[in-house]
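Where a number appears in this text, it was derived from the coordinates with a stated rule and is not lab data. Source: prediction; values computed, not measured. Neighbour counts run over all protein chains shown; Cβ positions are idealised from the backbone, glycine included.
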Amino acid sequence: MYLQRRNRILRQSPAIRSMVAETILTPNDFIVPLFINEGENYKEEISSMPGYYRMSLDNTVKEVKELWSMGLKSVLLFIKCKDELKDNKGTEALNPKGLMQRSIRAIKEACPDMLVMTDIALDPFSSFGHDGIVEGSEIVNDATVEVLAQMSVSHAQAGADFVAPSDMMDGRIAAIREALEENGLHKTGIMSYSAKYASSFYGPFRDALDSAPGFGDKKTYQMDYSNRLEAVKETLMDVEEGADIVMVKPALAYLDIIREVKNAVAVPVSAYNISGEYAMIKAAARMGWIDENKAILETLTAIKRAGADLIATYFAKDAVKLIS
Ligand code: PBG
């Protein structure tokens, strides 16, 4: 048999395979989400996210130092707000001494070079568990955007390097940029969750922060998973409004969207390998049905191959250990 081309030549040994690998993960690719709770020396496993924890601020600071020593360079902060501080307008989100603001300051003080990104949305602070202000059965847009802009300024003043609006209200990127400019916060970046879908895979995250919507769902603001062009529209608008980095979320069921967005914009694209995606791998591995480490690397490589320049993932530490 004579064959002009034998494609298996480039697959025949680990050395050749690594020489021609098109996608290589590095610690620079990852953003590490962190869940912070009140208290001291506290660390509690999130039941639907085995191996992932809610921590008090002192433990979080230790964790951040460890992450930095491993070569990880950015964290994305979420806080668990006390029930008695929650209200419809997310008032606690603007408290200069709130848990988020204290966390930003403590982390930047302990590890100044670590990039601190903060979630901007009302859900952890909302008595309704929605990302915006509720009137009747509606999540109102413009009044919410005003609060999101103030929240962004508050995080930036506390020292956040990037604010990351995850709420999907219309016009929030422009409003946040304007508010940052007006307050002289010219160095704060915006990582916009620009194509964020209403997804069934956020469940474990909502357990982690006790932030599940009290009524209805998030389909009037988060996107319909049937849509592709809408993701491009949303993302182009966010870039126009001033987003420095855009995001597609979730990642795994949306690899086509990541590629579509990557081809459409000239800013870095991030993807969020979300809680449900983490939980699925953990659960299957626990059952002995898949090899966890291999599944982690395959998943993260696929997200990067799809076009993600950055990946927010609960597997960041595992991945860095596996690739080093
Ligand atoms: C809040 C927010 C959510 C996530 C990140 N920011 C939940 C939601 O929109 O309901 C999900 C992250 C994950 O599932 O890992 N706006």
Which order results if 31, 16, 245, 258 are arranged by neighbouring Cβ count within 10 Å, fewest first?
16, 245, 31, 258
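Given a Förster radius of 41 Å and the C-beta distance between residue 266 and residue 66 as r, what FRET efficiency does 1/(1 + (r/R0)^6) yield to the nearest 0.05?
Values: r = 35 Å, r/R0 = 0.85.
Step by step, r from the Cβ atoms, then E = 0.75.
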Candidates 55, 280, 168, ranked by Gaussian network fluctuation over the chain, Cα under 10 Å, top entry
280
What is the distance in Å between the Cα centroid of the range 100-151 and that of the range 164-233?
10 Å
Which longest uninterrupted range of the chain lacks any GluC sites (Glu not before Pro) assigned by DSSP to a loop state (not H, G, I, E or B) and surrounded by at most 12 other Cβ atoms within 10 Å?
41-324
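Fewest first, what order do 13, 211, 127 take by the number of other Cβ atoms within 10 Å? Mind showing how you got there, number by number?
On the way: 13 9, 211 23, 127 15.
Ranked by crowding around the Cβ, least crowded first: 13, 127, 211.
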Whole-Hz ³J(HN,Hα) for each residue in the range 248-256, computed from phi via Karplus 6.51 cos²θ - 1.76 cosθ + 1.60 with θ = phi - 60°, x for glycine and proline: what do you get?
10, 8, x, 9, 5, 7, 10, 5, 5
When all Cα-Cα pair distances of the range 24-323 are considered, the percent exceeding 36 Å is 8 percent
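What translational diffusion coefficient, in µm²/s and rounded to a whole number, does the Stokes-Einstein relation yield for the range 1-100 at 4 °C and a viscosity of 1.567 mPa s, taking the hydrodynamic radius as the Kirkwood radius over Cα pairs? Spell out each step's value before the answer.
Details: Rh = 17.6 Å.
Once the numbers are plugged in, D ends up at 74 µm²/s.
What ranking do 155, 130 get, fewest neighbouring Cβ atoms within 10 angstrom at the top?
Numbers: 155 29, 130 26.
Least to most surrounded, the residues fall as 130, 155.
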Checking the range 201-306 for chymotrypsin sites (Phe, Trp or Tyr not before Pro) in a loop per DSSP with at most 10 other beta-carbon atoms within 10 Å yields 215, 289
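Relative contact order of the chain: what whole-number percent is it, with Cα pairs under 8 angstrom and at least 6 residues apart?
On the way: 619 pairs, mean separation 55.1, N = 324.
Answer for the chain is 17 percent.
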